[in-house]
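J.: First the structure, then my questions, so here it is.
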Amino acid sequence: MIYGIDDFVDLLLVRKGIFALVSWEHRPAMLALLTNLKRSVRRTERTIRTSLLSGENLVAEQFVVALHGQLKSQHASATVLVLYDLETLLDGAGRILNGLREQLRCFRAVILVLRENRRGDLFAACPDFMDWFGPIIYYAEALSRPFTPSDVRRAIRSFEAKHGMSSKDFSRKWESGQGTGIDDGWMWNELLALYGDMKARAQT
Amino acid sequence: MTAELTPKNYLQLLGACVLGLRSLAPGRRTLQIVRSQKSESWLVKRSDTYDAPGLLAGCPAAHAPFELAKGGRLDLFLRLRTNDKGLAEIATYRLAVRQIPPNINNIVSLRLDKKEGQPRGDGWDPKLGDNPQHPWAHLHLNFDKSDRANELRIPTGEVEPIVLLMSFDHWYCNTFDV
C-alpha cells in the first residue's frame, strides 16, 4: 500500500525501467503530484532528475519530436520521465507510445499521468504499451506529500486568523470544558496536539 | 489505545475494512491518509466538516465524507502516532453520521468522539478520573438538531475505530436492508 509520494518514489526507484500509471480525478491533485514528485525524487536520489513532458497544445507529430528529444538525452538512464496532459491527443500519443515502448525502457522510470475517465481510451490506443504497467494503478489524490511541523503551524495560524483568537486563549477555553463556540474547534485542538507531539518527538 | 500493528499495517487493515462496508455507497471507499515527514504522525480524514487548511490541500477526497448506500453521510477522522516500539497508537478518533433516513431507532445523527486530552473544567471529578458533564470518550445521539441536543454525551470508553465502523455498518445494513 502506498501512503504518499515518498512511498511511491521509493517503489519507482527500486530498479531501472519501471513504468507506472497514475490516474487523477481532480486537476489540482495532478498538479500537486508533479511538484511533489520532483522534490521527492531529488530528496530520495540526488543523481536522478525528473523530466516533465506535457502533451498540452501539442499535436501527435510535435509530441513524437518532443519524445525523441527525451530519448536522445544522454541522461535518459538517470531520468524519471513524466508524461501528462495527453488527453487531447490520446489516440495519436497512444500509437506513438506503443511503437516506442522498447526504447522507453532506457529511462530510469516512466510515469504516465492520465485523467481517470480516459483510462479506457488509453488501453485501446496502446494495448502493448499498457501491458508494461501491470495491474496496479496509482491515484494522484492518494500521493500527497508528507506534512512537516511548519505545515501544521501554518494550519494553526489560519485558525487563529479565522477566529481572531490566539491558540493559547482557545486552549484555555477548550480545557475549561465550557465550550468555545467554535464549530471547528475539534480540528484546531487536534492540530495543536499534533504540533505539540511533533515538537516533543523532535526534541527527544 | 495501541494496536499490535505498525501504523502502515493498521491502516491497511482499516482500508480493507472500509472497502468491505456494505453501508457505504459504491465508489470511492478509500481513506485519505497523510503522514508526517518522519512518519511519527498519521492523519486519516474523510470529512467536509473539519478542515485543516493547507495540510490536506492536495487531497480532495479528504474533504468528502463517505456517502451511505441508503442515505446519509459518514465523516471519519483519525490521528495515529508511532510509539517507541514502532506500533500504531490511536491518539484520537471521531466518527460522525448525519442525515440518516427515518429508522426504527429514531436516530438522525450520531457521533463518537475520543480526544487525546480530557477537559478538567466544570464537572471534573478527581475520584472518577473523568468528567460526567463531558466524558473523555463519548457518544452523541441526534447531536446536530441543535446545540442543546449536542449536550448528550454518553461515556463509551475507548473503542477500536474498526469495531465502530463495522458495528455501525451492521446496524445500518440490517435497518435499511442493504
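No lab work stands behind these numbers, since they all come straight from the coordinates. Quick caveat: nothing in here was measured; it's all calculated off a predicted structure. Note that we place each Cβ from the backbone using ideal geometry, even for glycine, and neighbour counts take in every protein chain shown.
J.: Could you quote the convex hull projected area for the protein assembly as shown, Cα atoms only and averaged over all directions, in nm²?
T.: Projected area, direction-averaged: 21.8 nm².
J.: How much net charge surrounds B:R153 when only other residues with a Cβ under 12 Å from its Cβ are counted (Lys, Arg +1; Asp, Glu -1)?
T.: Combined, the nearby Lys, Arg, Asp and Glu give 0.
J.: Check cross-link reach from B:K45 to the lysines: straight Cα distance under 26 Å, and skip same-chain residues fewer than eight apart.
T.: By straight Cα distance, B:K45 reaches A:K38, A:K162, A:K168, A:K173, A:K199, B:K8, B:K70, B:K85, B:K114, B:K115, B:K145.
J.: How high is the relative contact order of chain A, in percent, with contacts defined as C-alpha pairs under 8 Å that are six or more residues apart?
T.: In percent, rounded to a whole number, it is 28.
J.: GNM on chain A, C-alpha springs below 10 Å: top fluctuator among A:S77, A:S150, A:S23?
T.: A:S150
J.: Just grab the label-to-label distance for B:V163 and B:T30, each label 7 Å out from Cα along the Cβ direction, in nm (one decimal).
T.: Placing both labels 7 Å along Cα→Cβ, they lie 3.0 nm apart.
J.: Ok, one more. How many nm is it between the label spots at B:R22 and A:I136, if each spot is 7 Å from the Cα in line with the beta carbon?
T.: For the pair B:R22/A:I136, the computed spacing is 3.2 nm.
J.: Stokes-Einstein diffusion coefficient for the stretch A:109-161 at 10 °C in a medium of 1.306 mPa s, Rh from the Kirkwood formula over Cα pairs: what value in µm²/s?
T.: Diffusion coefficient, whole number: 110 µm²/s.
J.: Hey, another quick one. Relative contact order, percent, of chain B when contacts are C-alpha pairs under 8 Å separated by at least 6 residues? If you can, show how the numbers build up before the last one.
T.: On the way: 335 pairs, mean separation 32.5, N = 178.
Relative CO of chain B lands at 18 percent.
J.: Continuing with this model, one more query. Kirkwood hydrodynamic radius for the stretch A:11-55: how many Å is it when counted over pairs of different Cα atoms?
T.: Mean inverse Cα-Cα distance, inverted, gives 11.8 Å.
J.: Output the peptides A:84-92, A:53-61 sorted from most to least packed, where packing is the average of other Cβ atoms within 10 Å over each peptide's residues.
T.: With the highest mean Cβ count within 10 Å placed first, the list reads A:84-92, A:53-61.
J.: Round to the nearest 10 and give me the degree value, 0 to 90, for the angle of helix A:149-163's Cα axis relative to the longest principal axis of chain A.
T.: Around 60 degrees separate the two axes.
J.: To the nearest 10 degrees, how steeply does helix A:167-176 sit against the main Cα axis of chain A, on a 0 to 90 scale?
T.: Here the helix axis deviates by roughly 60 degrees.
J.: Two decimals is fine: what is log10 I(q)/I(0) at q = 0.08, 0.13, 0.14, 0.16 Å⁻¹ for chain A, from a Debye sum with one equal scatterer on every Cα and no solvent?
T.: Log10 I(q)/I(0), no solvent term: -0.39, -0.76, -0.83, -0.98.
J.: Separate question: For the residues B:L55, B:L139, what sequence is obtained by ranking on other C-beta atoms within 10 Å, fewest first?
T.: Details: B:L55 23, B:L139 18.
Least to most surrounded, the residues fall as B:L139, B:L55.
J.: Could you work out, residue by residue across B:36-49, how many beta carbons of other chains sit within 10 Å of that residue's beta carbon, and then give the average as an integer?
T.: 4
J.: Of all the stretches in chain B, which is the longest one without any exposed loop site, taking GluC sites (Glu not before Pro) in a DSSP loop (any state but H, G, I, E, B) with at most 15 other Cβ atoms within 10 Å?
T.: B:5-157
J.: Based only on Cα atoms, what Rg/Rh ratio does chain B have, Rh being taken as Kirkwood's radius?
T.: My calculation of the ratio gives 0.97.
J.: In the stretch B:90-135, what trypsin sites (Lys or Arg not before Pro) fall in a loop by DSSP, with at most 13 other Cβ atoms inside 10 Å?
T.: B:K127
J.: Quick query: amide H of B:T92 versus all other amide H atoms, modeled in the peptide plane; which residues come in under 5 Å with a sequence gap of 5 or more or a different chain?
T.: Amide H neighbours of B:T92: B:R79.
J.: Moving to a separate point now. HN-Hα J couplings of the stretch A:119-134 from phi, Karplus 6.51/-1.76/1.60, θ = phi - 60°, integer Hz, Gly and Pro as x?
T.: Here the 3J(HN,Hα) series is 4, x, 5, 5, 4, 5, 6, 9, x, 6, 4, 5, 4, 6, 7, x Hz.
J.: Enter the mean number of other protein chain beta carbons within 10 Å of the beta carbon of each residue in A:189-195, as an integer.
T.: Counting other chains' Cβ atoms within 10 Å and averaging over A:189-195 gives 6.
J.: Now for a separate question. Please compute the modelled spin-label separation between B:I107 and A:T204, points set 7 Å along Cα→Cβ, answer in nm with one decimal.
T.: Roughly 3.7 nm, to one decimal.
J.: Let me ask another. Calculated from DSSP H runs of 4 or more alone, at -39500 (n - 2.57) each and per residue, what is the 222 nm mean residue ellipticity of chain A, nearest 500?
T.: When only DSSP H runs of four or more count, the value is -16000 deg cm²/dmol.
J.: While we're on this one: Could you give me the ³J(HN,Hα) list for the stretch A:96-110, computed from phi with Karplus coefficients 6.51, -1.76, 1.60 and θ = phi - 60°, whole Hz, x at Gly and Pro?
T.: In residue order, the calculated couplings are 5, 5, 4, x, 9, 4, 4, 5, 5, 6, 6, 6, 4, 7, 10 Hz.
J.: Can you find, among B:S146, B:T49, B:L74, the residue sitting farthest towards the positive end of the charge dipole of the protein assembly as shown, where Lys and Arg contribute +1 and Asp and Glu -1 at Cβ?
T.: B:T49
J.: Okay, moving on. Once both axes come from the Cα atoms, what is the angle between helix A:60-72 and the longest principal axis of chain A, in degrees from 0 to 90, rounded to 10?
T.: Helix A:60-72 sits at roughly 80 degrees to that axis.
J.: Still on this structure, please answer the following. For B:L5, which sequence-distant residues (separation of 5 or more, or a different chain) have an amide H within less than 5 Å of its own amide H, given hydrogens modelled in the peptide plane?
T.: Amide H neighbours of B:L5, under 5 Å, 5+ apart: B:A88.
J.: Follow-up. Which order do A:S166, A:S51 fall in if you start with the one that has the fewest other Cβ atoms within 10 Å? Write down the numbers at each step before the final one.
T.: Numbers: A:S166 10, A:S51 16.
If I rank by nearby Cβ atoms, fewest first, I get A:S166, A:S51.
J.: Residues with amide H under 5 Å of A:D85's amide H, sequence separation 5 or more or different chain, H placed in the peptide plane at 1.01 Å from N; which?
T.: Excluding prolines and chain starts, which carry no amide H, the hits are A:G55.
J.: Still on this structure: Need one word for the stretch A:18-88: rounded, prolate or oblate. Basis is the Cα gyration tensor (sqrt eigenvalues a ≥ b ≥ c); a/c below 1.5 gives rounded, then a/b vs b/c decides.
T.: Values: a/c = 2.36, a/b = 1.07, b/c = 2.20.
Judged from the Cα gyration tensor, the stretch A:18-88 comes out oblate (a/c at least 1.5, b/c at or above a/b).
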